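The values are calculated or read from the model by the stated rules, or taken from the named source; none is laboratory data. It should be emphasised that the depicted structure is a prediction, and the values quoted were computed from it without experimental measurement. Positions of Cβ are generated from backbone atoms using ideal geometry, with glycine treated the same way; all protein chains shown enter the neighbour counts.
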Amino acid sequence: MVKYVRNNFLLPENRIINIEHFNKRLWEMAENDRDRVHYDKKVLQSKLFEEDFDSFTMLPEKGFECARY
């Protein structure tokens, strides 16, 4: 994932004059990137995310001690 972001959003090098404008532009690029077709599944990536999101499980409200003392 890090290599993908670096190669697609940060290369070639960007000249940054205003960091807020640069961050806003990066955010827009990332938002637009999810509206592309997955290279293997031939489905929009946003659709794949929605399917994954539906399968997320909620964390329990009660804390869990994972170590024995």
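Any residue in the range 39-53 that is in a loop (DSSP other than H, G, I, E, B) and either in contact with a Cys (Cβ under 9 Å, 6 or more places away or on another chain) or within 17 Å of Tyr4 (Cα to Cα) (or both)? Yes, that holds for at least one residue. The set of residues in the range 27-41 that are among the aliphatic types (A, V, I, L, M) and either under 12 Å from the mean Cα position of the chain (by Cα) or at pLDDT below 90 (or both) comprises Met29, Ala30. Which ones in the range 1-27 are surrounded by 10 or more Cβ atoms within 10 Å (Cβ to Cβ) and either touching a Ser or Thr at 6+ places or on another chain (Cβ under 6 Å) or part of a helix (DSSP H, G or I) (or both)? Result: Val5, Arg6, Asn8, Phe9, Leu10, His21, Phe22, Asn23, Lys24, Arg25, Leu26, Trp27.
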